Amino acid sequence: MSANNPDRGDAAKPQRMVIVGGSSGIGRATAEAAVAAGLGVMLVARDASKLARVADELGGVPWASVDMTDQSAVAKWTETLDAFDHLVITAASSSHGRFADMPLSDVRRMFDGKFFGPYAVAQACLPRIIAGGSITFFSGVLSRRPGLNCSGLGAVNSAVEGLTRALALELGPRIRVNCISPGMVRTEVYAGMPDDARQAMFRSTGESLPLGRVGEAREIAHAVLFAATNTFLTGQVLDVDGGHMIRQYATR
Ligand SMILES: NC(=O)c1ccc[n+]([C@@H]2O[C@H](COP(=O)([O-])OP(=O)(O)OC[C@H]3O[C@@H](n4cnc5c(N)ncnc54)[C@H](OP(=O)(O)O)[C@@H]3O)[C@@H](O)[C@H]2O)c1
């Protein structure tokens with residue numbers, strides 16, 4: 001995959017990618033893939049010590065500790081940024097629960113952590129993203145393939161996908177906007193679960209999929225690089241999900 005965008009005036013210069021969520025899971029795998037493809041990378045997340053460690057492991061890439069749900073912190077950070085090509089936002093927070101019991105405050109927190117955070121970051125970064133650049137958001141299969149006790153998360157994912165299409169229209173032709181919708185992927189997001197339960201969940205979800213397994217972060221990273229660098233792709237939601245959208249109906 002070329003690290004050069006033919007639409008840029010300075011095509012000789014490596015493209016630069018800012019990855020919000022770059023210290024873990026899919027964001028980290030995207031950073032690894034981007035570095036390997038010759039892009040310049042900046043990692044953003046909250047935990048500074050984790051960021052410093054991952055940045056070091058990636059050969060000393062720059063990083064910034066920013067909580068994307070804190071609008072003034074986001075504004076302050078973007079003031080320090082040079083122009084760059086690609087914004088990728090994998091950062092998110094999510095929670096599950098029965099619709100009947102789930103407190104509205106939890107759902108609002110999830111919208112802050114997976115919709116308004118990315119919205120604010122994209123808006124604040126806009127003046128820094130060069131013509132020919134891109135924004136890649138993240139949703140998830142629950143937007144169109146609901147699961148029990150996941151109504152709030154499904155709604156957030158749908159909102160992210162709607163925002164993607166609207167921004168692709170509004171920001172084109174200068175900037176392309178796409179969204180990756182992963183299926184279940186083995187990342188640190190499940191680190192809080194007991195080992196046995198996590199493995200059982202990966203196994204049973206994997207068995208329900210045409211590809212017979214859950215995904216790996218590098219497989220999603222591959223799609224992020226494609227979305228960011230393909231110069232004729234915009235307004236798309238890419239399902240990178242092992243066939244989750246066409247899987248057999250689950251039994252209750
Ligand atoms: N893994 C899956 O099975 C799966 C399935 C469907 C959809 N997705 C979606 O794919 C995306 C990536 O998931 P993942 O599994 O890679 O997650 P992950 O491993 O938990 O990584 C999340 C990253 O985001 C950062 N982050 C979280 N909240 C933040 C905030 N408020 N401000 C700045 N940084 C923040 C985290 O670092 P700090 O905590 O240090 O901030 C971390 O670097 C998410 O949108 C997720 O919903 C994942």
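Of the residues making up the stretch 166-180, those that are open to solvent by less than 20 Å² (accessible area, probe 1.4 Å) and either part of a helix (DSSP H, G or I) or more than 12 Å from the ligand (Cβ to nearest atom) (or both) number 4.
Which residue pairs have Cβ atoms closer than 6 Å, lie 6 or more positions apart in sequence or on different chains, and pair a first residue in the stretch 96-123 that is more than 22 Å from Ala73 (Cβ to Cβ) with a second residue that is hydrophobic (A, V, I, L, M, F, W, C) and in a loop (DSSP other than H, G, I, E, B)? Pairs that qualify, where the first residue is more than 22 Å from Ala73 (Cβ to Cβ) and the partner is hydrophobic (A, V, I, L, M, F, W, C) and in a loop (DSSP other than H, G, I, E, B), are His96/Cys150. Here Asn157 passes the criteria (1) on the phi > 0 side of the Ramachandran plot; (2) within 12 Å of the ligand (Cβ to nearest atom) except the one numbered (1). When Gly183, Gly215 are checked against the criterion of being more than 12 Å from Ile135 (Cα to Cα), free of Cβ contacts under 8 Å to residues at least 40 places away in the same chain and surrounded by 14 or more Cβ atoms within 10 Å (Cβ to Cβ), Gly215 stands alone in meeting it. Note on the stretch 186-210: among residues that are among the small types (Gly, Ala, Ser) and touching a residue at least 12 places away in the same chain (Cβ under 8 Å), the one that is least open to solvent (accessible area, probe 1.4 Å) is Gly206. Of all residues in the stretch 26-48, those satisfying the criterion of being assigned to a helix (DSSP H, G or I), out of contact with any helix residue (DSSP H, G or I) (no Cβ under 8 Å at 6 or more places or on another chain) and more than 9 Å from the ligand (Cβ to nearest atom) are Val35, Ala36. Count of the stretch 124-165 residues, restricted to those that are out of contact with any Leu (no Cβ under 8 Å at 6 or more places or on another chain) and either of a type in the set (A, V, I, L, M) or not in a helix (DSSP H, G or I) (or both), is 18. When the stretch 14-25 is filtered for residues that are more than 8 Å from the ligand (Cβ to nearest atom) and open to solvent by less than 10 Å² (accessible area, probe 1.4 Å), the ones remaining, listed by number, are Gln15, Met17, Val18, Ile19. Looking only at residues of the stretch 67-105 that are within 15 Å of the ligand (Cβ to nearest atom) and assigned to a helix (DSSP H, G or I), we find that the one that is surrounded by the fewest Cβ atoms within 10 Å (Cβ to Cβ) is Ser72.
Look at Gly215 and say whether it is at positive phi and under 19 Å from the mean Cα position of the chain (by Cα). Answer is no for this residue.
When restricted to residues that are more than 8 Å from the ligand (Cβ to nearest atom), open to solvent by less than 50 Å² (accessible area, probe 1.4 Å), in a helix (DSSP H, G or I) and of a type outside the set (Val, Ile, Thr), the stretch 49-66 contains 2.
The values are calculated or read from the model by the stated rules, or taken from the named source; none is laboratory data. Nothing here was measured: the structure is a model prediction, and the numbers come from that model. Glycine also receives a Cβ, built like all others from the backbone with ideal geometry; neighbour counts cover every protein chain displayed. The area values use the complete protein model at the heavy-atom level, side chains included, leaving out ligands, DNA and RNA. Shrake-Rupley method; radii C 1.70, N 1.55, O 1.52, S 1.80 Å.
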